[in-house]
Structures are given as C-alpha cells and as structure tokens.
Amino acid sequence: MNGDVERLLRTEAPQVLGALVRRFGRFDIAEDAVQEALLAASGDWPVHGVPSDPRSWLIRIGYRRMVDLLRSDQARRRREHEAGMSESALREPARQAGPPQEVDDSLTLLMLCCHPALSTTSQVALTLRAVGGLTTAEIAHAHGTTEATMGTRISRAKQRLAGAGARFTPPTDADRDTRMAAVMRVLYLIFNEGYTATAGRELARVDLTSEAIRLTRMLHASLPGDAEATGLLALMLLTDSRRHARAGADHELVPLDEQDRTRWDPDLIREGTELIDSVWNRGAAGPYRLQAAIAAVHAAAASPEETDWPQIAMLYLWLERLTPTAPIRLSRVVAVAQAYGPVRGLALLDDLNGRHHLDRDPLTRQRELAVRAHLLQMTGEHASAAGLYRRAAALTDNQVEQRYLLTKADRLA
C-alpha cells in the first residue's frame, strides 16, 4: 500500500471510530466496522485515488458495515431496531458527512483504550488497533504471537470495556490524571518495544517507534499545556534521533559510546531539546521530563568523553526517588560507573541487589548480568566478565543483542 495512503488511514482511523461510537454508542461493533472500512480503502484508494473527503468516505463505509454487524448479532430483535436506526442515519445527508473537521476524538479514544479495567497488554493492543489503525496481524507480529491469539485478546478487551460500562466520553476532572498516566505509560511501552524489540532478527521495530511518536504527537497537540505529555514526546524524539547509529553495516549492535554521532538526526535533537526546554521549569518535573532531560544531556555531547555523566547520575537519582523501578535503578548504576568509576558502580549494584534484587527482577535480570559484565571488564576481570556476557546472551530472544553479547564474551576469552 502507498505510504501516503497508509499514513492518511492511520490519521483518520480515530476520527472515523469516534464518529461511529458517538452515533451508536457501541465501541465494540464500531471498532470492527472501522477496521473493515480501512481495509476497503486500502484496496480502493491506491487504484481509484483518494476521495476528496476521505473521512466521510470511511464513515459511510463504516456505517454500512455497522448495519451488517448489528443485523447479525444474536439478540436479533434489539439489533434489528438498532439496524433500522442505522439505516435512517445513512439516509440523512446531514449525518453522512461525519463530525466537523475541528472535532478530534483522538484523546477520548486513547483514554477509552487505556481504561483501568484492561490489562496493560490489552491497553497496548487496543490502542494500536483503535487509535493507531493497525490491523490485528500487524499487532500480533509486534507481540510475537499469532493473529488468532491477538484477535481473541482484542475481542476480550472490548467485551471487558462493555462489561465495565465504559463510555465514549472525555475524562472527568476526578479521573483525568489517572487516565492520562495510563495513556502515557501505554505510548511509552509501545515506543520501547519498538526501540529494542523483545525478540526477532531485528534490533528495532521502526513501525512501532514511528506509531508511538505519531500518537504522542497527537496527544501533545490535544494537550499542549501538559508538561509531562510534552516531556514524553521530547523523550521519544531525542531517543529516536540515535536510531541510524545503533546498528553497523552488518546489522550488529553499536553501543552508545561507540556510535558515530554524525549519524544522529539533528532535526529530532533540535525539536526534542526545544520541547524539554519549554517545560523544564513548569512545576516539579515528572518521570518523562526527567528522562527527556537525560536524553538531552546525551544529545548535547559531541563525543562520549564530553558527556556530563555526573549530571546524568544526579538526574537518575532524582528519577529513582520519583519512580523507584528496577530498570531505573540499573540505569543509575551505569551512570554512576561512568561518572565515578566501575568500582563505585559495582558497589552500588551490589547494594541495590541486596535491597531490591535487580538480579532477580524479570525486568532487569538479563540486563543486570550485562551491566555487571561490562563493569567487571572495565576493572580487568575478563574471565568473569566473559561468563556473565554469555549468561546474559542466553536470556535474550533478540538475535542482534545476543550476537553482540556473545562477541563481547569471545573477545575477552
């Protein structure tokens, strides 16, 4: 499918879904109808051209599919009544055009897909499908599972939303902060899965990182005054600016301190830095602003030697106090080792393991071995480091990362 058509469909998907849900109040059926409308457009538009009003075209197809879906529902009498209402809507020209162009349902849809009744995995899957416009097959591929399994998961998520009485309405003041936190967490998870894929032959999934950035831009546009949403977008842009330097000619992993910084994207660095600078002093910094600040410090260094590691270590300490998770604690170990030497880094790692068990936490178990191996290598304990690199390699399903760790071990041996 043409790239411009694909981008247009993904941009229009949440608006079309919002129009259908507001008309009929049935998120579960409307979401299926939108997916079929998107599939119809992906086959028709590249051949016959994009219509002058693509959103209205998609809404009309979605309406018709809604009629079919409502008619086929098991509770026939109630559904026949709704189908009749749908047909009436289709015959009313004023309703065919869809919502006014200034109506943006993206934020409301994000909030609905990140409903607290859903698991994090379901929130991610539903967000990618309903707001991102990805097909079930694409989402299944991103999660390393089958299309049938992912289809079942998405169906159950929609059923759970219906059972929880979730409504297509903007969040109230009472639950806005909680729902916004869930939305940003989901977008952050999508980006991270794309940036370093959990499994597979590729280091990264650019389709996921690009989608996460697109959705976060959408969130930022809906809430330009939200400092953490701005910080999240800045973090993604600054991190993604290093994408082209992360792998070599043979697709091998290139660590941060060995990357060719001339391959970093200056436009993304400029935009991300301007974003974080614009909100840094706007009240107490939250986790995404702090991580964006760390990324900005890296981006500001013309060479690894010029990196302000003491400042990064301080920012990680601040971040750990705010969000005391195992990955953040382990990242602080790396920063401290870079700023003050590997011996101090190892001492901090032992202390954190004793108090927080980073070596047993599923989020850090594999990386803890790799970090410890690197610090031991820096102190000259090559044999011990080689053994730990091999153990770390055995715990990752990402083949690029696995090859990198095994190569490190072989060179030390």
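Quote the FRET efficiency, to the nearest 0.05, computed for Arg365 versus Ser52 with a Förster distance R0 of 45 Å and r equal to the Cβ-Cβ distance.
Numbers: r = 55 Å, r/R0 = 1.22.
E(calc), rounded to 0.05, equals 0.25.
Taken one residue at a time, the phi angles of segment 121-135 give Karplus couplings (6.51, -1.76, 1.60, θ = phi - 60°) of 4, 5, 4, 4, 4, 5, 5, 4, 7, 6, 9, x, x, 6, 6 Hz. Gly and Pro are set to x. Between the alpha-carbon centres of segment 273-327 and segment 124-159 there is a gap of 33 Å. On a 0 to 90° scale, report how tilted helix 227-240 is relative to the longest principal axis of the chain, with both axes built from alpha carbons and the result rounded to the nearest 10. Once rounded, the angle reads 70 degrees. Computed 3J(HN,Hα) for segment 300-308, one whole-Hz value per residue from the Karplus formula 6.51 cos²θ - 1.76 cosθ + 1.60 where θ = phi - 60°, is 6, 8, 6, 8, x, 5, 8, 5, 7, glycine and proline marked x.
Nonpolar atom fraction for the chain, defined as the carbon and sulfur part of the 1.4 Å probe accessible area, stands at 51 percent. Between Asp68 and Ala394, the simple spin-label model (points 7 angstrom out along Cα→Cβ) gives 5.3 nm.
Note on Arg156 and Asp177: the model spin-label points, each 7 Å out from Cα along the C-beta direction, lie 3.3 nm apart.
Binning all Cα-Cα separations of segment 209-281 at 5 Å, short to long from zero, yields these whole-percent fractions: 3, 17, 23, 21, 15, 11, 7, 3, 0.
Can you tell me the dipole magnitude for segment 206-306 around its Cα centre, using point charges on the Cβ only (Lys, Arg +1; Asp, Glu -1), in Debye to the nearest 20?
Values: 10 positive and 17 negative charges, 72 e Å.
My answer is approximately 340 debye.
Computed about the Cα centre, the dipole magnitude for the chain is approximately 1220 debye when only Lys and Arg (+1) and Asp and Glu (-1) carry charge, each at its Cβ. Between Ala247 and Val254, the built amide H atoms are under 5 Å apart, and every one of these is 5 or more places off in sequence or on another chain. Which parts of segment 289-314 would a label at Thr262 reach, counting a residue when its backbone N lies under 14 Å from a point 7 Å out along Cα-to-Cβ? Output list for this probe position: 303. A simple spin-label model places pseudo-atoms 7 Å from Cα toward Cβ; at His244 and Trp318 they are separated by 3.2 nm.
Give me the dipole magnitude in Debye, nearest 20, for segment 307-410 about the Cα centre, with unit charges on the beta carbon: positive for Lys and Arg, negative for Asp and Glu. Walk me through the intermediate numbers first.
Details: 13 positive and 11 negative charges, 20 e Å.
Approximately 100 debye in magnitude.
As a test of understanding, state the convex hull volume per residue of the chain from its alpha carbons, in Å³. Kindly include the intermediate steps, with their values, before the conclusion.
Numbers: hull volume 66.1 nm³, N = 413.
About 160 Å³ per residue, rounded to a whole number.
Taking the charge dipole of segment 1-74 about its Cα centre, with +1 at Lys and Arg Cβ atoms and -1 at Asp and Glu Cβ atoms, the residue from Ile61, Phe24, Pro51 reaching farthest to the positive side is Phe24. What does the C-alpha gyration tensor say about the overall shape of segment 316-413? Classify as rounded when a/c is under 1.5, otherwise prolate if a/b is larger than b/c, or oblate. Verdict is oblate for segment 316-413. If you take the Cα centroid of segment 219-245 and the Cα centroid of segment 181-217, the two points sit 12 Å apart.
The values are calculated or read from the model by the stated rules, or taken from the named source; none is laboratory data. Keep in mind that this is a model prediction, so the values were computed, not measured. Please note: Cβ atoms are built from the backbone with ideal geometry, for glycine as well, and neighbour counts cover all protein chains shown. Only protein heavy atoms, including side chains, enter the accessible area calculation; ligands, DNA and RNA are left aside. Shrake-Rupley method; radii C 1.70, N 1.55, O 1.52, S 1.80 Å.
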